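Structure first, commentary second.
The values are calculated or read from the model by the stated rules, or taken from the named source; none is laboratory data. Just so you know, these numbers come straight off a predicted model, no measurement behind them. No Cβ is skipped: glycine too gets one built from the backbone with ideal geometry, and neighbour counts run over all protein chains shown. Note: accessible area is taken over every heavy atom of the protein model, side chains too, but ligands, DNA and RNA are not part of it. Shrake-Rupley method; radii C 1.70, N 1.55, O 1.52, S 1.80 Å.
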Amino acid sequence: MTRRWPLHPPPREGEVLSSWVTRLAKPYGMTVEELLRHDVAPPGTDTTSLTRADLDLDPPAGALLILADRTGVPLGDIRRMTIAGQVPWLLDTLGPEPEPGVGFETYVHQDSLLWATGLRDRRPVPGWRAWLPTAGPMRRACPLCVTTAPFFTLASQLPLTLSCPEHGCHLAPTLGAAGSFLGWEEANTHTTPASAAVRAMDVRTHQGLSTGAVTLPRRPVHVGVWFRLLRALIDELSTPVSKLDAHSRRTLEHIWHSTGHPVRAGIVGAWRPYEDLAWPHQQKFLKAAATAVHLIETGEIAAHGTLAPLLIPEPSVPADTRAAPGPDDHWQKAKDALHEAIALARDDPAAARKLLTVLTAWTDSEAAGQVR
């Protein structure tokens, strides 16, 4: 028989699993580790090594099932609060690659946005997984959200977004865990509005995570297409200018100049995948990606990649304001034309013969066609 917890606050929209479990433990005066050890871990599970990062990445299936039983929240909804629950949309797989380096090639180079596919250098990146920072899990939150309902979203824990979709302000790095102690990594943290381009990009990302689809100018697309579009764009934005022709170089420089940052976020030296970069550099790339999308949609720059048409609105076609003629309209036009032909035939013998030919064209009697 299921033993339902008497107090179990429901998960919030987009919340990551460790944040929700922290809030579940709080009414009972327990830590996350104590709750996992005493009432969530399946028999035989070693909870001593189970961390918050494990909860957010790929927790034991048995633990998710027990959480569903204890709270009444559907198992599928709980699994979507984890990275594993976003496979294969956010990333292709959490398991080993079938071939070393093929994951990066498939995810990042299969499509393009700014330039035709094949312009960028092909680099094998063994063990690569999309959007997962190699430096470890991130902890960011909205300064306005935490004042009323402190919690962490799944998107805010990845280098995937910059702003809060509700308040439109930049997320800030935090210390501690939502639901218990929560502080800011920087003492002078305050609310900073994000640009319109960044807000538009992040709203689409959150829309995709919550609904499975993203609305673009040309048509709605599956969220998996949106994530791959962004990741391909970030890779294009890291292209060395020496690899580009004059036109492409000007496009790249214009995008970065519009962000206020140097080309490639000022990175020099050996190339590294986005996931390996420090967060300050990742922030600049996300801002550049949002700027590029905005410039393409407004027509300020031209994009030639395979996914570029998705960001270019359909050309406007002037609507024909004339009403389509109905059956009565066609009959009235025929009668008017006949009256004109009869009036002309009264004064013009040639017109009269043409009219007679038309009127008798479908008769069987030759006599009927003789002019009297």
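All conditions in (1) open to solvent by less than 60 Å² (accessible area, probe 1.4 Å); (2) under 28 Å from Pro10 (Cβ atoms); (3) modelled with pLDDT under 95 hold for Trp184, with the sole exception of (1). Applying the criterion of being aliphatic (A, V, I, L, M) and surrounded by fewer than 19 Cβ atoms within 10 Å (Cβ to Cβ) to the residues of segment 231-251, the residue that is nearest to Trp128 (Cα to Cα) is Val241.
Scanning segment 268-286 for residues that are without any contact (Cβ under 8 Å) to a residue 40 or more places away in the chain and surrounded by fewer than 16 Cβ atoms within 10 Å (Cβ to Cβ) yields a total of 5. Just one of (1) modelled with pLDDT under 80; (2) closer than 22 Å to Gly72 by Cβ; (3) not acidic (Asp, Glu) fails for Pro27. It is (1). Against the list (1) outside any loop (DSSP other than H, G, I, E, B); (2) under 21 Å from Leu162 (Cβ atoms), the condition Arg272 fails is (1). Residues that are on the phi > 0 side of the Ramachandran plot and out of contact with any strand residue (DSSP E or B) (no Cβ under 9 Å at 6 or more places or on another chain) within segment 138-169 are absent altogether.
Within segment 337-360, one or more residues are modelled with pLDDT of 70 or more and within 60 Å of the chain's Cα centre (by Cα). Please verify whether Arg129 is buried (at least 18 other Cβ atoms within 10 Å of the Cβ) and either in contact with a Cys (Cβ under 8 Å, 6 or more places away or on another chain) or part of a loop (DSSP other than H, G, I, E, B) (or both), treating the condition exactly as stated. Yes; evaluated as a whole, the condition is true for this residue. Close Cβ contacts (under 8 Å, 6 or more residues apart or on different chains) running from residues in segment 179-197 that are aliphatic (A, V, I, L, M) to residues that are in a helix (DSSP H, G or I) and at pLDDT below 85 comprise Leu182/Val146. Does Cys145 qualify as being more than 30 Å from Glu314 (Cα to Cα) and either of a type in the set (D, E, K, R) or surrounded by 20 or more Cβ atoms within 10 Å (Cβ to Cβ) (or both)? Considered against the rule, which asks whether it is more than 30 Å from Glu314 (Cα to Cα) and either of a type in the set (D, E, K, R) or surrounded by 20 or more Cβ atoms within 10 Å (Cβ to Cβ) (or both), Cys145 comes out as yes.
Residues are listed down the side, and each one gets a yes or a no for (1) at pLDDT 95 or above; (2) charged (D, E, K, R); (3) under 30 Å from Gly103 (Cβ atoms):
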position	(1), (2), (3)
Gly176	no, no, no
Thr189	no, no, no
Ala196	yes, no, no
Ala200	yes, no, yes
His222	yes, no, yes
Phe227	yes, no, yes
Val241	no, no, yes
Asp245	no, yes, yes
Glu253	yes, yes, no
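Restricting attention to segment 215-230, the residues that are without any contact (Cβ under 8 Å) to a residue 24 or more places away in the chain and surrounded by 19 or more Cβ atoms within 10 Å (Cβ to Cβ) total 1.
Test Ala155 against the criterion of being surrounded by 13 or more Cβ atoms within 10 Å (Cβ to Cβ), at pLDDT 90 or above and over 30 Å from Leu244 (Cα atoms), and give yes or no.
Numbers: surrounded by 13 or more Cβ atoms within 10 Å (Cβ to Cβ): yes; at pLDDT 90 or above: yes; over 30 Å from Leu244 (Cα atoms): yes.
Spelling it out, Ala155 is indeed surrounded by 13 or more Cβ atoms within 10 Å (Cβ to Cβ), at pLDDT 90 or above and over 30 Å from Leu244 (Cα atoms).
Residues in segment 287-302 that are surrounded by 14 or more Cβ atoms within 10 Å (Cβ to Cβ) and under 20 Å from Arg204 (Cα atoms): Lys287, Ala288, Ala289, Ala290, Thr291, Ala292, Val293, His294, Leu295, Ile296, Glu297. Scanning segment 89-131 for residues that are under 19 Å from Ser238 (Cα atoms), aliphatic (A, V, I, L, M) and in contact with a Lys or Arg (Cβ under 7 Å, 6 or more places away or on another chain) gives Val108, Ala130.
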